[in-house]
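We did not get these values from a lab; they are worked out from the coordinates using the rules stated. Source: prediction; values computed, not measured. So basically every Cβ, Gly included, is an ideal-geometry build from the backbone, and we count neighbours across all protein chains shown.
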Amino acid sequence: MTPLDHFHPAVVHFPIALLLTGSVVALVQLYRSGPLDLRVTAWVLLAVGGLGAIGAVVTGLFAQSALPPDAPYRSTLNWHIGPGLLQLVIYGGLLYWGWLYRGYANARRAAAGRTEIDLLDDRRARPWVTLLLLLGMAAVALTGWNGGLLVYQWAVNVG
């Protein structure tokens, strides 16, 4: 084992917490009633969680590169890596969509003399944003579950 193998377990907990919390806050923002405004909180949590997820994936790829290719836990490892990459796609896409939406929608609204709007405020986008957030949360959970199996059942990179 190399010293890099120990970075992955140290960094994975932050993106898990930030992405799950950011998703819940974004869902509350989508379905809230009243003046509560959680847009900035949701986007910051999702952005920082996404950056942390990039770090978790990079350190995870370093950690798995030293593992034997024919190990009995390889299928569990693949089910750990796949959803981990999927969460990068989901949350990265959601963040990019929110950024594009803010620029495009607000340029159109400003031209019409109306106020700014955020992706988390658009009722037409609500079903798709909800689906992406729920899929992202499922990917985080599946990645964490299989990571736990690798550590506690197979003792991968432990010791």
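Based on alpha-carbon atoms, the Kirkwood radius and the radius of gyration of segment 3-152 give Rg/Rh equal to 1.08. Using a 10 Å Cβ count of at most 14 others and DSSP loop calls, identify the longest part of the chain lacking such trypsin sites (Lys or Arg not before Pro). With a cap of 14 other Cβ atoms within 10 Å, the longest stretch comes to 33-113. Across the chain, C-alpha contacts under 8 Å between residues 6 or more apart give a mean separation that, scaled by the residue count, equals a relative contact order of 31 percent. Angle of helix 39-65 to the longest C-alpha principal axis of the chain, folded into 0 to 90 degrees and rounded to 10: 20°. Computed from Cα positions, the angle between helix 13-31 and the longest principal axis of the chain comes to roughly 30 degrees.
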